[in-house]
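Below: the structure, in C-alpha cells.
Taken together, the values in this text are just the output of simple stated rules run on the coordinates, not laboratory data. All figures in this text were calculated on a predicted structure; none of them were measured in a lab. Cβ placement follows ideal geometry from the backbone for every residue including glycine, while neighbour counts extend to all protein chains displayed.
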Amino acid sequence: MTAQVLNGAEVAEHIKQTVAARVIELAELGVKPGLAVVMVGDNPASKVYVGSKVKTCQALGLHSEKYELPADTTTERLLQLVDDLNSRDEIDGILVQLPLPPQIETRRILEAVDPAKDVDGFHAYNVGKLVRGDDALVACTPAGVMALLDYYKVPLAGANAVVIGRSDIVGKPMAMLLLHRHATVTICHSRTKDLPAVARQADILIAAIGRTAMVTGDFVRDGAVVVDVGMNKATTEEEIRRIFSDAEQPKRMEDLSKRGYTLVGDVEPRTVAEKASWLTPVPGGVGPLTIAMLMKNTISAAEMRRLKRTA
Ligand code: NAP
C-alpha cells in the first residue's frame, strides 16, 4: 500500500477562500476584522511565522498590526501592550507569538488576553469551554487537523484515535476535539510504555512530538490515517536517506545543499507510507492549516464580539 496524500495546503486554500468571502460580507456590515500579532525578541522561526500570519491577513483583507518588542522586554511592559490591545475595538484577535524570552511570565501574559480576543485558544476560559464542549476559540493547529479530517471525510465516531504528545498547544486540545466527535482517544507521551504497540491500535494516529521522524512504519497499523504535526529539520544526507523514499530524496538533497536542512515531521514517510491509507506531507500538511484556522478564528472572534454571533 502507498498512502494517499492528505493535502493540507489545498484544504487551507479552501478555508482561506471562505474567510475572504466572509470579510467582504462583514465589510457590508461595517466590520473589518483585525488581528494584532506580538513578538518579543528575534527568534528566527518566530519571525517567519509572524511574517506569514501578517501577510495572510493582508491577502484576505483583514486589518493587521505587528508589534516587535526587544528581547529584554519585561512582563509588565508586555501586559501593558496586551491591555491596550484588549481595549481597542478594531482589534478582534491578539496573538502573542511563543516562545517568549525566559524573563517573561508566559502564563500571566496568556491569561491577560481578553478571552473574546484569544484567537490562539490558549486562555484558561477557552480551554475550559473546549473541555465542556461549548463553542469556543480553539487552538489553531488541532482545529486545523479536524478541518483536514473532515474535508477528507475520515470517519471519527467510534474510531480508535491515538495522539502522541500532550502539550497544551497541540496534544491536549487535539484529544479533546477528537473525543467530542466520539472517537475513542488515547493520549501518549514520553512515559508511555511500549509506544509502538499503543500506536498500532490507532485507526487515526496523530504525531505531535517534536522528534524527527520518530514514528516509523512499526508504529502504524495497515490502513491507518496518519497526521504528522511535527516540524523539525533534517540536516544530514544520512538522515535524508533513512527518512525519505528513493523518489523523494533528490528534492530533499537539493533543499539540504541550498538551505542546510530539509523540513521533516515526526513521522518517517518512507516506512509509514507503506502502511498508512492516508498521510499528511511535511511541508504542505498541517502547517498551512494552522494559519488558515488563525484567520478563521479572527473572523469568528469579530462576529462573536461585535455582532454577538456564536462561533
Ligand atoms: P511540546 O510542547 O514539546 O510537546 C511534545 C510532546 O511530545 C510532549 O507531550 C512529550 O511528552 C511528547 N514526547 C516527547 N518525546 C517523546 C517520546 N520519545 N515518546 C513519546 N512522547 C514524546 O511540543 P508541541 O508544541 O506540542 O509541538 C509538537 C510538534 O509539533 C513540534 O515538532 C512542533 O514544531 C510542531 N508544531 C507544528 C505546528 C504546525 O503548525 N504544523 C504547530 C505547533 C507545533 P512529555 O509531556 O512526557 O514530555
Helix 8-28 versus the longest principal axis of the chain: what is the Cα-based angle in degrees, 0 to 90, to the nearest 10? 20
Please state, rounded to one decimal and in Å, the Kirkwood hydrodynamic radius that the stretch 244-311 gives when every pair of distinct Cα atoms enters the mean of 1/r. 14.9
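Of the listed peptides 110-116, 273-279, what is their order by residue-averaged count of other C-beta atoms within 10 Å, with the highest listed first?
For the peptides 110-116, 273-279, the packing ranking is 273-279, 110-116.
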Residues with amide H under 5 Å from that of Leu69, placed H, sequence gap 5 or more: Met39, Val40, Gly41
Using alpha-carbon coordinates, inclination of helix 171-180 to the longest axis of the chain, degrees: 90
Taking amide H positions as placed in the peptide plane 1.01 Å from N, state which residues far from Ser245 in sequence (5 or more) or on other chains have amide H under 5 Å from it. Arg270
Relative to the longest principal axis of the C-alpha atoms of the chain, give the angle of the C-alpha long axis of helix 286-306, reported between 0 and 90° and rounded to the nearest 10°. 30
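Averaged over all directions, how much area does the convex hull of the C-alpha atoms of the stretch 72-152 cover when projected, in nm²?
So the mean shadow area of the Cα hull is 6.3 nm².
Taking the highest mean first, how do the peptides 253-263, 214-224 order by number of other beta carbon atoms within 10 angstrom per residue?
214-224, 253-263
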With eigenvalues of the C-alpha gyration tensor scaled by 5 and rooted, the stretch 1-153, Å: 27, 20, 17
Listed by chain and number, the residues whose amide H is under 5 Å from that of Val96, excluding neighbours fewer than 5 places away on the same chain and using placed H, are Val38
Please work out the Cα center distance from the stretch 1-79 to the stretch 249-273, rounded to the nearest Å. 26
How big is the stretch 52-106 by Rg and Dmax over its Cα atoms, in Å? 12.5, 35
Greater than 21 Å apart at Cα, pairs in Lys32/Lys296; Lys53/Lys296; Lys32/Lys53: none
Build a GNM of the chain with springs between Cα atoms under 10 Å: which of Ala27, Ala175, Ala147 gets the top mean-square fluctuation? Ala27
Per the helix-only model, the chain has a calculated mean residue ellipticity at 222 nm (DSSP H runs of ≥4, -39500 (n - 2.57) each, divided over all residues, rounded to the nearest 500) of -13500 deg cm²/dmol
May I ask for the net charge around Ser277, where only other residues with Cβ less than 15 Å from the Cβ of Ser277 are counted and Lys, Arg are +1 while Asp, Glu are -1? 0
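What order do you get for Arg88, Arg252 when you list them from fewest to most C-beta neighbours inside 10 Å?
Least to most surrounded, the residues fall as Arg88, Arg252.
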Nearest-0.05 FRET efficiency for Lys55 and Arg191 at R0 = 51 Å, using Cβ-Cβ distance, is 0.80
Percent of all Cα-Cα pairs per 20 Å bin for the chain, counting from 0 up to the last occupied bin, reads 32, 57, 11
Below 8 Å, C-alpha to C-alpha, sequence gap of six or more: please give me the relative contact order for the chain in percent. 23
Provide the per-residue ³J(HN,Hα) series for the stretch 123-129, in order, calculated from phi with Karplus coefficients 6.51, -1.76, 1.60 and θ = phi - 60°, each as a whole number of Hz, with x at glycine and proline positions. 5, 4, 4, 6, 5, x, 5
